[in-house]
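Taking it in order: structure first as structure tokens, then the write-up.
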């Protein structure tokens, strides 16, 4: 019983911390078209806003998914615009994907490490942000991923911040 109470207190504390931090949800689109589309969630993890966790769940070729998580650091905030905030960010993380080609008995999976470099603009007047980034990936591949993890393509993202 004591463990359950401690666990509940920890979960309530974690929920309180998480609800106090800025978050954003949206979509991330790859230059390859809809095959690289991802649902994107961004969560600021410290009080000064220079570190954030980004998690994307996307569609892959055929019938598949790709889940990617990166820990990012805002490293530069140039004073370019008076109506918003620019941010250059760098990050590292991991990715996991699975494919299943319906027409044949072919499948594929991959797991790998990713790096991310991007530029983001957040508006002051509306809760929107736009970003452009490059996220190369390297890792172990099997089956339909035999040509690699398709990671060095530019991406754009649109997110609603709350």
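The values are calculated or read from the model by the stated rules, or taken from the named source; none is laboratory data. Please read all numbers here as calculations on a predicted model, not as lab measurements. Methodologically, a virtual Cβ is constructed for each residue, glycine included, from the backbone with ideal geometry; neighbour enumeration extends over all protein chains shown.
Table for the structure above
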quantity	calculated
Pair list, Cβ under 8 Å, 6 or more apart: segment 103-128 residue at positive phi and assigned to a strand (DSSP E or B), other residue crowded, with 19+ Cβ neighbours inside 10 Å and modelled with pLDDT under 90	none
Count - residues of segment 93-112 that are farther than 16 Å from residue 73 by Cα and surrounded by 15 or more Cβ atoms within 10 Å (Cβ to Cβ)	12
Hits in segment 47-90 - residues which are over 16 Å from residue 120 (Cβ atoms) and touching a residue at least 24 places away in the same chain (Cβ under 8 Å)	58, 59, 60, 61, 62, 63, 64, 65, 66, 67, 68, 69
Failed item in (1) at pLDDT below 80; (2) within 25 Å of residue 45 (Cβ to Cβ), with residue 153 passing the rest	(2)
Among the candidates 130, 123, residue that is exposed (fewer than 15 other Cβ atoms within 10 Å of the Cβ), under 26 Å from residue 24 (Cα atoms) and at pLDDT 90 or above	123
Single condition residue 159 does not satisfy, out of (1) closer than 30 Å to residue 84 by Cβ; (2) in a strand (DSSP E or B); (3) at pLDDT below 90	(3)
Condition check for residue 97: assigned to a strand (DSSP E or B) and more than 12 Å from residue 38 (Cβ to Cβ)	no
